[in-house]
Amino acid sequence: MSICCVCKNPLKTRKIKANYNGPLCTPVYKKETYCEYCEWKGTAGTGLLLKEIIKEYNNE
């Protein structure tokens, strides 16, 4: 089990779709590790992207 270097919580894995298709045009997936807490808090991953978008929107 992997541990997050920031918050010391266990990392989880998820399947995400790759940018290409496999044989017979079937979608290809790859595994990505992430920390639920860091994404929720907005310090990494999609949570960080959302936080930046909100800041940019509020500054307009």
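Data overview
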{"item": "Unique residue being of a type outside the set (Gly, Ala, Ser) and closer than 25 Å to CYS5 by Cβ when the list is GLU39, GLU60", "result": "GLU39"}
{"item": "Matching residues in region 11-60 - criterion: being of a type in the set (Val, Ile, Thr), in contact with a Lys or Arg (Cβ under 9 Å, 6 or more places away or on another chain) and without any contact (Cβ under 8 Å) to a residue 24 or more places away in the chain", "result": "THR13, ILE16, VAL28"}
{"item": "Every residue from region 1-35 that is touching a Leu at 6+ places or on another chain (Cβ under 9 Å) and either aliphatic (A, V, I, L, M) or open to solvent by 70 Å² or more (accessible area, probe 1.4 Å) (or both)", "result": "MET1, ILE3, THR33"}
{"item": "Single unsatisfied condition, GLY47 versus (1) assigned to a loop (DSSP other than H, G, I, E, B); (2) open to solvent by less than 70 Å² (accessible area, probe 1.4 Å)", "result": "(1)"}
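The values are calculated or read from the model by the stated rules, or taken from the named source; none is laboratory data. These figures come from a predicted structure and were not determined experimentally. No Cβ is skipped: glycine too gets one built from the backbone with ideal geometry, and neighbour counts run over all protein chains shown. We work out accessible area using only protein heavy atoms, side chains counted, and drop any ligands, DNA or RNA first. Shrake-Rupley method; radii C 1.70, N 1.55, O 1.52, S 1.80 Å.
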